[in-house]
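S.K.: Have a look at this one.
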Amino acid sequence: MRIQNYRCLRDVDIRFDAITTFIGPNGVGKSAVLRALDWFFNGTAQTLTEEDVWAGAERKQISVEVEFCDLTDLDRTALGKYAAGDVETVRLWRRWEDGTAKLSGHALAYPAFEEVRRLEKAGERTKRYRTLCSEYPELGLPTVRSAAEAEEAMRP
């Protein structure tokens, strides 16, 4: 997990194992980590304001990034479009800036999408994308008219 610009936390990376413990004196950010996780997973449980941004931040932005590894079929179902196909790792970001929160993600190189992107000619990419749609109907990919639309459809 990576947290940027959240109150007393600035660019913090935390690796969670089966058991993770936060130990430290008051004021070092233990509760801030838990609040950031609550906001990431629940979104509306805590409304963010500029007061939640780390005082030294250049931009009034908060970003919490979580990477999910070793995904199971159940995990992929729960993560939906962010974990299409047989991807094993997904990285999601929840960002807050200027009062607006957004969730975005990136499947770490879904091989079928990368195969489409590697093709040089736009027509070839569009054709391969359409083939991908018929080979993997469970992805629920939309019909496209161009390589640009195909690229947009493959983004989480």
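S.K.: Could the peptides 119-126, 70-77 be put in order, highest first, of the mean number of other beta-carbon atoms found within 10 Å of their residues?
M.R.: Descending packing order for the listed peptides: 119-126, 70-77.
S.K.: Right, something else. Once both labels are modelled 7 Å past Cα along the beta-carbon direction, what's the A101-K121 spacing in nm?
M.R.: 4.7
S.K.: Can you tell me the FRET efficiency between K30 and E67 if r is taken as the Cβ-Cβ distance and R0 is 25 Å, rounded to the nearest 0.05?
M.R.: 0.75
S.K.: Summarise the accessible area of the range 59-124 (1.4 Å probe, protein heavy atoms) by the percent that is carbon and sulfur.
M.R.: Looking at the range 59-124 in its full context, I get 49 percent from C and S.
S.K.: Under the 0.36 nm per residue contour assumption, what length would be gained going from the current alpha-carbon distance of E50 and T131 to full extension?
M.R.: Going from the current span to full extension adds 24.5 nm.
S.K.: Starting at the first residue of the range 61-67, write each ³J(HN,Hα) from the Karplus equation 6.51 cos²θ - 1.76 cosθ + 1.60 with θ = phi - 60°, in whole Hz, x for Gly and Pro.
M.R.: 9, 10, 9, 10, 10, 10, 10
S.K.: Please compute the length gained on full extension between I14 and T77, using 0.36 nm multiplied by the number of residues separating them and subtracting their Cα-Cα distance.
M.R.: 20.2 nm
S.K.: Just need the relative contact order of the range 74-156 here, percent rounded to a whole number, with Cα pairs under 8 Å and 6+ apart.
M.R.: This gives 24 percent for the range 74-156.
S.K.: Reachable aspartates and glutamates from K102, Cα under 18 Å, same-chain residues fewer than 8 places away excluded?
M.R.: D38, E50, D52, E65, E67, E152
S.K.: Given a Förster radius of 25 Å and the C-beta distance between D86 and T21 as r, what FRET efficiency does 1/(1 + (r/R0)^6) yield to the nearest 0.05?
M.R.: 0.15
S.K.: If you don't mind, another one. Starting from the Cα of K127, draw a straight line to each of the lysines and keep only those under 16 Å, dropping any in the same chain fewer than 8 residues away.
M.R.: Result set, ordered by chain and number: empty.
S.K.: If the limit is 29 Å between Cα atoms, which of K30/K60; K60/K121; K30/K81 go over it?
M.R.: Beyond 29 Å: K60/K121; K30/K81.
S.K.: Here is a follow-up. What is the sum of charges, Lys and Arg at +1 and Asp and Glu at -1, for the other residues whose Cβ falls under 10 Å from the Cβ of L71?
M.R.: It works out to a net charge of -4.
The values are calculated or read from the model by the stated rules, or taken from the named source; none is laboratory data. The structure presented is a predicted model; accordingly, all values stated were derived computationally and were not measured. Note that we place each Cβ from the backbone using ideal geometry, even for glycine, and neighbour counts take in every protein chain shown. Surface accessibility is based on the protein's heavy atoms, side chains included, excluding ligands, DNA and RNA. Shrake-Rupley method; radii C 1.70, N 1.55, O 1.52, S 1.80 Å.
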